[in-house]
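Below is one structure, written out as structure tokens; the observations come after it.
The values are calculated or read from the model by the stated rules, or taken from the named source; none is laboratory data. Small disclaimer: the values here were computed from a predicted structure and weren't measured. As a convention, Cβ positions derive from the backbone with ideal geometry for all residues, glycine included, and neighbour counts pool all protein chains shown.
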Amino acid sequence: DAGVIQSPRHEVTEMGQEVTLRCKPISGHNSLFWYRQTMMRGLELLIYFNNNVPIDDSGMPEDRFSAKMPNASFSTLKIQPSEPRDSAVYFCASSVAGAGEQFFGPGTRLTVL
Amino acid sequence: RKEVEQDPGPFNVPEGATVAFNCTYSNSASQSFFWYRQDCRKEPKLLMSVYSSGNEDGRFTAQLNRASQYISLLIRDSKLSDSATYLCVVYRRGYQKVTFGTGTKLQVIP
């Protein structure tokens, strides 16, 4: 069975550019989570969706970040404009709604120069 | 106070040793608890759920103490392959709120 799929796996961009990260959750999972991980702050929850609806976006750092989930099998996290401090590994995870057991994708390693 | 707190370590232990990690949580309404493992430059993966009565999976034992609001993970007969960061996770079902601890790093030494 396919796990959570993320693309791209690596992204290097210049400050000011738009970055779009993509995620395909596990089929049948109703909840989707976006996380950011850095050495300094660990794993931070940015936003999560339940049945394609954003439930909690309190972790989104600022207006430069936006996330969408147009259907049950696809989500995007967009950063516009990107800044060097956005450099991190961004993970997407999915779970069955109401469960705390999450399955993570391999992550996107973002470097903003 | 952070909602979930862990000792970052690192815990350096010899092969074959027994090691235990604790994780404290601040919200008594927390309902479900998990341990995840994260290898270097990899994604977190579920290691085991933590049940009220305690549970065991091979060399790993997880326990929950609701009165003192902590969970623990015990690893017996440590293997080199156990070297990783162990993340404690707390879940509040009604709020669908999941909180990860910052992790405890374990290094098993030959």
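General observations
- Of all the residues in the stretch B:6-44, those that are surrounded by 17 or more Cβ atoms within 10 Å (Cβ to Cβ), within 14 Å of another protein chain (Cβ to nearest Cβ), among the hydrophobic types (A, V, I, L, M, F, W, C) and in contact (Cβ under 8 Å) with a residue 60 or more places away in the chain number 1.
- Applying the criterion of being of a type outside the set (Val, Ile, Thr) and modelled with pLDDT under 95 to the residues of the stretch A:95-109, the residue that is nearest to A:Val12 (Cα to Cα) is A:Phe103.
- Of all residues making up the stretch B:45-69, the number that are away from chain A (no Cβ under 14 Å), in contact (Cβ under 8 Å) with a residue 24 or more places away in the chain and within 10 Å of the chain's Cα centre (by Cα): 0
- The listed residue being modelled with pLDDT of 90 or more and on the phi > 0 side of the Ramachandran plot, out of A:Asn71, A:Asn30, A:Asn51: A:Asn51
- Residue identified as acidic (Asp, Glu) and part of a strand (DSSP E or B) among A:Glu44, A:Glu101, A:Glu62: A:Glu44
- Test: residue in the stretch A:63-74 that is more than 13 Å from A:Asn52 (Cα to Cα), exposed (fewer than 15 other Cβ atoms within 10 Å of the Cβ) and touching a residue at least 40 places away in the same chain (Cβ under 8 Å): no
Here is a yes/no grid of residues against (1) touching a Phe, Trp or Tyr at 6+ places or on another chain (Cβ under 8 Å); (2) surrounded by fewer than 19 Cβ atoms within 10 Å (Cβ to Cβ); (3) assigned to a strand (DSSP E or B):
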residue	(1), (2), (3)
B:Gln63	no, no, yes
B:Ser68	no, yes, no
B:Leu74	yes, yes, yes
B:Ser78	no, no, no
B:Ser81	no, yes, no
B:Thr85	no, no, yes
B:Val89	yes, no, yes
B:Tyr95	no, yes, no
B:Val108	no, no, yes
